[in-house]
Ligand SMILES: [Zn+2]
């Protein structure tokens with residue numbers, strides 16, 4: 001992954017396929033603990049298509065996390081975010097409703113909903129099903 005400045009907009013480009021993602025910056029997709037780039041291209045193309053369709057900003061609260069990220073390190077086995085095929089989007093109310101419908105229609109198979117108190121978000125992923133993490137699946141936090 002590398003960066004390109006297009007006017008005032010920072011665009012995210014992947015070497016593989018030369019795909020440009022308009023709506024996300026490299027900083028918000030990388031591991032917040034070590035700044036490693038590990039997001040998956042095909043996954044982000046799906047997220048971007050949904051972002052374009054829904055027409056409101058996606059506030060990324062977490063995307064790629066390396067296995068040493070504190071949240072992953074304390075789990076029994078590392079989670080969806082370490083595959084680069086998971087994202088948490090800060091959203092509530094009407095936009096959460098729109099994001100839920102849109103993500104189901106878009107084929108996201110892991111959907112986690114946190115809509116209580118502060119820090120409301122919806123988690124989307126497309127990881128392979130495993131014993132620990134069956135897919136398709138919906139859960140709350
Ligand atoms: Zn890290």
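Each reported figure results from applying straightforward, stated rules to the coordinates on display, with no laboratory input. Computed from a predicted model, the values in this text were never measured in an experiment. Positions of Cβ are generated from backbone atoms using ideal geometry, with glycine treated the same way; all protein chains shown enter the neighbour counts.
Quick rundown of the values:
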quantity	calculated
Directionally averaged projected area (convex hull, Cα atoms, the chain), nm²	8.8 nm²
Solvent-free Debye scattering, log10 I(q)/I(0), computed from the Cα coordinates of the stretch 38-96 at q = 0.16, 0.20 Å⁻¹	-0.56, -0.79
Computed lengthening from residue 97 to residue 22, 0.36 nm per intervening residue step minus Cα-Cα distance	24.7 nm
Kirkwood-Stokes translational diffusion coefficient of the stretch 81-141, alpha-carbon pairs, 4 °C, 1.567 mPa s, µm²/s	110 µm²/s
Mean Cβ count within 10 Å, highest first, over the residues of peptides 89-100, 37-48	37-48, 89-100
Alpha-carbon centroids, the stretch 65-86 and the stretch 24-58: separation in whole Å	16 Å
Theoretical gain in end-to-end length, residue 118 to residue 59 [0.36 nm per residue, Cα-Cα removed]	19.8 nm
Computed lengthening from residue 34 to residue 71, 0.36 nm per intervening residue step minus Cα-Cα distance	12.0 nm
